[in-house]
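Scroll down for the structure; my scribbles are underneath it.
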Amino acid sequence: MANALVEVRNVAKSYQRGNQHIPVLDQINLSVPKGEFLALMGPSGSGKTTLLNLIAGIDKPDSGTIEVDGTNVSNLSESELATWRSRHVGFIFQFYNLMPVLTAFENVELPLLLTKLSKQERRKHVQTALELVGLGDRVGHYPNQLSGGQEQRVAIARAVVTDPTIIVADEPTGDLDKESANEILTLLSRLNAEFEKTIIMVTHDPHAAERAHIVRHFEKGVLQESSESLLEAK
């Protein structure tokens, strides 16, 4: 696909558990256009989170190639991957992964500490990101002073503060009540529609998948043919 931001070609991945060889992904091919919102669905152990981690440079495939915006991330060394991730990938996790001893401001600022931005520039970026997620008035609050939905919004602000090439979200609504989950999904949809952020989301929830433009299903390490989301089909 000519305008693909992410290209996964013939990727296979397995893990060793004691003497047991466990195949997880089998010859996966996937193209994700720039500005797309893709949902990966499937039962536990089907391989969807493994693929997300490979695209994000957290893990490496056994074979095949993964290119993100022209960079073959499957060929990078561990130190190169760390640098690449910090510049190009925004991570959103199910359990937020916020530092409890840091304020919302300080949590969002963390990725910027690896950049050459001045303290004043970092402050401006952090404030903009927190205002974007509706928490401009919570900069001094600690995670235990925030609701689950607010914590996830801080995590989203942290994910976008570096203006990443791609956002990867692993069950971003899995620990939230229905109302908070809808708020987070609306925020992700806004990031995609208004700011043209490319988002790849792993989810078990069909209601979350409805927000994506494309839904792909995993079955035992095999990626099924693409389908429109329910939202697009309406």
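The values are calculated or read from the model by the stated rules, or taken from the named source; none is laboratory data. Quick caveat: nothing in here was measured; it's all calculated off a predicted structure. Neighbour counts are summed over all protein chains in view; Cβ atoms, including those assigned to glycine, are modelled from backbone coordinates with ideal geometry.
Of all residues in the range 45-65, which are within 13 Å of the chain's Cα centre (by Cα), part of a loop (DSSP other than H, G, I, E, B) and closer than 21 Å to Thr173 by Cβ?
Here is the first cut: in the range 45-65, the ones within 13 Å of the chain's Cα centre (by Cα) are 48-58.
After this cut, where a residue has to be part of a loop (DSSP other than H, G, I, E, B) as well, the list is 56-58.
Ala56, Ile58, listed by residue number.
Could you check the range 144-157 and list, in sequence order, the residues that are surrounded by fewer than 20 Cβ atoms within 10 Å (Cβ to Cβ), touching a residue at least 12 places away in the same chain (Cβ under 8 Å) and not small (Gly, Ala, Ser)?
Asn144, Leu146
Wholly within the range 116-234, which helices (runs of 4 or more DSSP H) include no fewer than the required count, namely at least 2 residues that are under 30 Å from Pro61 (Cβ atoms)? Talk me through it step by step, then tell me what you get.
Working: elements: 119-132, 148-160, 178-195, 206-209, 230-233.
Filter on the range 116-234 gives 148-160, 178-195, 206-209.
When only residues in the range 70-121 that are modelled with pLDDT of 95 or more, aliphatic (A, V, I, L, M) and more than 20 Å from the chain's Cα centre (by Cα) count, which is surrounded by the fewest Cβ atoms within 10 Å (Cβ to Cβ)?
Val101
Output the residues belonging to the range 66-102 that are part of a helix (DSSP H, G or I) and under 30 Å from Ser180 (Cα atoms).
Here is the first cut: in the range 66-102, the ones part of a helix (DSSP H, G or I) are 73-75, 78-88.
Within the range 66-102, Arg85, Ser86, Arg87, His88 meet the criteria.
Can you find a residue in the range 94-103 that is more than 24 Å from Asp205 (Cβ to Cβ) and in contact with an Asp or Glu (Cβ under 7 Å, 6 or more places away or on another chain)?
no
Checking Arg17 against (1) modelled with pLDDT under 90; (2) within 18 Å of the chain's Cα centre (by Cα), only one condition comes out false. Which one?
Evaluating Arg17 over (1) modelled with pLDDT under 90; (2) within 18 Å of the chain's Cα centre (by Cα) leaves (2) as the failure.
Checking the structure you have, find out if any residue of the range 117-124 is in contact with a helix residue (DSSP H, G or I) (Cβ under 7 Å, 6 or more places away or on another chain), over 29 Å from Gly70 (Cβ atoms), touching a residue at least 12 places away in the same chain (Cβ under 8 Å) and basic (Lys, Arg).
No; the residues of the range 117-124 include none that is in contact with a helix residue (DSSP H, G or I) (Cβ under 7 Å, 6 or more places away or on another chain), over 29 Å from Gly70 (Cβ atoms), touching a residue at least 12 places away in the same chain (Cβ under 8 Å) and basic (Lys, Arg).
Just checking, how many residues over the range 27-55 are modelled with pLDDT under 90 and out of contact with any Lys or Arg (no Cβ under 7 Å at 6 or more places or on another chain)?
Looking only at the range 27-55, we keep the residues that are modelled with pLDDT under 90, and these are 42-47.
Then keep just the ones that are out of contact with any Lys or Arg (no Cβ under 7 Å at 6 or more places or on another chain); that gives 43-45, 47.
Going through the range 27-55 one residue at a time, the tally reaches 4.
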